[in-house]
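Nothing in this text is a laboratory measurement; each read-out follows from the coordinates by a stated rule. From a predicted model like this one, the values you see are computed outputs, not experimental measurements. Note that we place each Cβ from the backbone using ideal geometry, even for glycine, and neighbour counts take in every protein chain shown.
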Amino acid sequence: MNKLAIARTLFERLLEAIAVLLIISLAVVVVLGVIYRWSGEALSWYDEVASVQLAWLTYYGAALAALKRAHIGVPGVISAVPPVYRLPLVICAELVIIGFFLVLAWNGYRVLVILEGDTLISLPWIGTQFTQSVIPIGAILYVIAELLNLPQIWREASGRAQVLRHE
């Protein structure tokens, strides 16, 4: 196993572990919220924390899906393009994707600077910088996932490999 494959596997395990922890913690928060609401003693922080957890799960899950190449795509269109245009089309698509997520990461960071000193309403000891940090972090994780997939994408576009979906 080469170093890139090892890095990809470790990165995948990390993202899977984070996603599992987020799913479990979100389930616990939702169940607690339902139980407390049912008993007549609603938790003041439930809605805010659950929505933050869902956002985090979305960003980390998107990076994991990108790594597994499970996002919505149109491989049939790429395959239908004449081989001479396939590689330039894939390169252009990857540049757009990576560029978009780098812009998202940069602007997400800029938002964090603006949010300095703000806190959650129901849990004032948790800063919104912490809760919103998922935007630049998730965007960078997505870029890393795309870069780790780039060699395989390149091989497929150049016709030197079968199209693989990591599931």
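Roughly what angle does helix 46-67 make with the longest principal axis of the chain, taking Cα atoms, 0 to 90 degrees, to the nearest 10?
With both axes taken from Cα atoms, the answer is about 10 degrees.
Could you work out the relative contact order of the chain? I mean the mean sequence separation of Cα pairs under 8 Å and 6+ apart, divided by the number of residues, in percent.
Relative contact order for the chain comes out at 28 percent.
Compute the angle between helix 3-38 and the longest alpha-carbon principal axis of the chain, please, reported from 0 to 90 degrees and rounded to the nearest 10.
30
At a Förster distance of 41 Å, what's the computed FRET efficiency of LEU95 paired with ILE126, Cβ-Cβ distance as r, to 0.05?
Given R0 = 41 Å and the Cβ-Cβ separation, E is 0.65.
Which of the following values of Rg and Dmax of the Cα atoms in Å was calculated from the structure shown: [x] 17.5, 53; [y] 19.7, 66; [z] 14.1, 41?
Among [x] 17.5, 53; [y] 19.7, 66; [z] 14.1, 41, the one calculated here is [y].
Hey, what's the Cα Rg ratio for the range 42-131 versus the globular rule of thumb, 2.2 N^0.38 Å?
Here the Cα radius of gyration is 1.57 times the empirical estimate.
Which of SER122, LEU54, ALA105 sits farthest toward the positive end of the charge dipole of the chain, with +1 on the Cβ of Lys and Arg and -1 on the Cβ of Asp and Glu?
Sorting the options by dipole projection puts first ALA105.
Give me the number: length gained by fully extending LEU54 to ASP118, i.e. 0.36 nm times residue separation minus the C-alpha to C-alpha distance, one decimal in nm.
Full-extension gain reported as 21.0 nm.
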